[in-house]
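Since the structure comes first, as C-alpha cells, the remarks are kept for the end.
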Amino acid sequence: MPEFLHDIPVRPDCRFYRGDLPCRPNKEHGYMCGDCPVYEPVTKRILLIKLGAIGDVIRTTPLLRRLRQEYPGCYITWLTLTPAILPQREVEEILKFDYASALQLQARHFDIAINLDKEKEACALLLNVQAETKFGYTLRPYDGVPWPINNLADHKYLTGVFDQLSLGNTKPYVQEIFELCGFDFRGEEYIFDAHEDKGYDWRALPLAEAGPRIGLNTGCGDRWTTRLWSTEKWISLITELQAAGYAPVLLGGEAEHPRNLELQAATGAAYLGTFPLPQFINLMNQMAGIVTQVTMGMHISIALGKPTILMNNIFNPHEFDLYGRGQIVQPNRQCVCFYRGTCRLGTSCMEELPADKVFRAVLESVPLG
C-alpha cells in the first residue's frame, strides 16, 4: 500500500524512488506513484563494501550475478573508491567512499551488508551499519583489529595474515568471496562495461588481415616491481609474434609510455599512446588476446572475456581464475619472493621466463587461422 503525503500517494519502497529528486519514470514519462505502471517494490536492500583497488573491484562483480539470482528484486548499494569502473546499469546505487557516504549509510537499514575489505575504515563501517545479516570483515572495537564477522570469512581472512596459508591456498579469489557470503561458486563471470557505445576511432590499429591482434600490457605498477619483465624479453616476444603472423599492440598507461615508445621503435609494433580508462578498456576489447602481468590490465582482460596469457611469479597462481581462457606462465626458476616488492636474490626470477614460453602460450590460446 502507498503512503500518503497531503493526500498524494508515494511509494518509497519502489526501486526507482529517490526522495531528493524526481525518479526517472517521472522525469521521462510523467508517472506518479499512485498509478505508476512501472512500480517495482524492493525485496531486499543489500550493501556491498568493496573499496579498491580497481582490479579487486572488477573481480568482485561476479557476486552481482549471484545476488540477483538469490534475491530477485533486490536493490544493491555499492560503496567504492572507484565508482567509474562499476557497471552503471547493473547497480542501483553506486557511492564513492567519503565522509558524506559513510555518514548516510550508518543511518540506513539494510537486509544484508557485505564487507570484502580488511581496511579498518571498511571494517568500522560494517560494524556500525544497521543490517539483519552481515558477511565479511568487521572491526574489533576494543583493539581496532580487522576480524571475521562469522566463520564464513575465516578462510579468506587467514590467508591474508599468514603467508604459509596463502601459499597453500588452492581457491581462486572469486570462489573465496562467494564462500565468504555463504554461496558456492558456479563459474559466474564478471559484469563489465566494454564502452562499445562511445564510438572510438581505432583506424590506427593493425587491420584484421595483419593477423590476430595481441595486446601486450607491458607494465605492472610500482608496488610489486619484482614482476617486471625486461625490455629485451618483450622485444624477443614481439619479434616471435610478428614472425608467426600475429599483430602485437603495445598497451599501458603513463608509467609504461617511455618503455612502449622504445619497444615500438625497436620492433615496429603498434602503439597508439595512453588513454582515459574507458577508452583504454575499449582498446583492450579490440584485441584477440592479452599478454599481461598481474595488474589492472589482467582484471580488465578477464572481464572482457579475452584469452589471457598471465605472466606470474610472486603470487599464488591458484588465486587467478581465467575461466578456461588463456594460460598462466611462470619463470623456469621457482620464485622465493612471495608477495615481495624486491627480490631476495638480487635478480628477479622473471628473467628466467623465456619469451618463447610466453609465445607458445599465445599460440595455444589464440590460434592462427
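Here Gly182 does not qualify as in contact with a strand residue (DSSP E or B) (Cβ under 6 Å, 6 or more places away or on another chain) and small (Gly, Ala, Ser). Of the conditions (1) touching a residue at least 60 places away in the same chain (Cβ under 8 Å); (2) outside the structural domain of Val294 (by TED's automatic domain parsing), Gly245 clears all except one; give me its number. In the conditions (1) touching a residue at least 60 places away in the same chain (Cβ under 8 Å); (2) outside the structural domain of Val294 (by TED's automatic domain parsing), Gly245 misses (2) alone. Residue count for region 68-88, restricted to those that are touching a residue at least 60 places away in the same chain (Cβ under 8 Å) and either under 23 Å from Tyr39 (Cα atoms) or surrounded by 15 or more Cβ atoms within 10 Å (Cβ to Cβ) (or both): 5.
Could you please find all residues in region 33-55 being in contact (Cβ under 8 Å) with a residue 12 or more places away in the chain and either assigned to a helix (DSSP H, G or I) or over 32 Å from the mean Cα position of the chain (by Cα) (or both)? Can you show your working first?
Residues of region 33-55 in contact (Cβ under 8 Å) with a residue 12 or more places away in the chain: 33-34, 36, 38-55.
Within region 33-55, Cys33, Gly34, Cys36, Val38, Tyr39, Ile54, Gly55 meet the criteria.
Restricting attention to region 288-330, which residues are assigned to a loop (DSSP other than H, G, I, E, B) and of a type in the set (Asp, Glu)?
Asp321
Any residue that is closer than 29 Å to Thr292 by Cβ and in a strand (DSSP E or B) - is there at least one of those in region 80-92? Checked region 80-92: at least one residue is closer than 29 Å to Thr292 by Cβ and in a strand (DSSP E or B). Of the candidates Pro9, Pro22, the single residue that is of a type outside the set (A, V, I, L, M), outside any strand (DSSP E or B) and surrounded by fewer than 16 Cβ atoms within 10 Å (Cβ to Cβ) is Pro22.
When the test is whether a residue is more than 18 Å from Ala53 (Cβ to Cβ), at pLDDT 95 or above and surrounded by 22 or more Cβ atoms within 10 Å (Cβ to Cβ), Lys306 passes it.
Check every one of the helices (runs of 4 or more DSSP H) wholly within region 138-185 and list those with 2 or more residues that are crowded, with 19+ Cβ neighbours inside 10 Å and not assigned by TED's automatic domain parsing to the domain that holds Phe320. Of the helices (runs of 4 or more DSSP H) lying wholly inside region 138-185, those with at least 2 residues that are crowded, with 19+ Cβ neighbours inside 10 Å and not assigned by TED's automatic domain parsing to the domain that holds Phe320 span 154-159, 173-180.
Please work out if Tyr323 is at pLDDT 95 or above, surrounded by fewer than 19 Cβ atoms within 10 Å (Cβ to Cβ) and within 30 Å of Asn169 (Cα to Cα).
Values: at pLDDT 95 or above: yes; surrounded by fewer than 19 Cβ atoms within 10 Å (Cβ to Cβ): yes; within 30 Å of Asn169 (Cα to Cα): yes.
Here the answer is yes, as Tyr323 does meet what is asked.
Among residues of region 130-145 that are farther than 18 Å from Ala107 by Cα, those with a Cβ under 7 angstrom from a residue that is surrounded by 15 or more Cβ atoms within 10 Å (Cβ to Cβ) and β-branched (Val, Ile, Thr), sequence gap 6+ or separate chain, pair up as Phe135/Ile114; Phe135/Ile149; Gly136/Ile114; Gly136/Ile149; Tyr137/Ile149. Filtering region 39-56 to residues that are of a type in the set (Val, Ile, Thr) and at pLDDT below 95 leaves only Ile54. Please tell me if Thr274 is farther than 22 Å from Arg360 by Cβ, in contact with a helix residue (DSSP H, G or I) (Cβ under 7 Å, 6 or more places away or on another chain) and among the hydroxyl-bearing types (Ser, Thr, Tyr). The answer is yes for Thr274.
Can you spot a residue in region 85-101 that is more than 17 Å from Asp56 (Cβ to Cβ), basic (Lys, Arg), within 17 Å of the chain's Cα centre (by Cα) and not assigned by TED's automatic domain parsing to the domain that holds Tyr323? Checked against the condition, which is being more than 17 Å from Asp56 (Cβ to Cβ), basic (Lys, Arg), within 17 Å of the chain's Cα centre (by Cα) and not assigned by TED's automatic domain parsing to the domain that holds Tyr323, region 85-101 yields at least one hit.
When region 81-100 is filtered for residues that are of a type in the set (Lys, Arg) and closer than 26 Å to Asn128 by Cα, only Lys96 remains.
The values are calculated or read from the model by the stated rules, or taken from the named source; none is laboratory data. Bear in mind that the values here come from a model prediction, so they are computed numbers and not experimental data. Methodologically, a virtual Cβ is constructed for each residue, glycine included, from the backbone with ideal geometry; neighbour enumeration extends over all protein chains shown.
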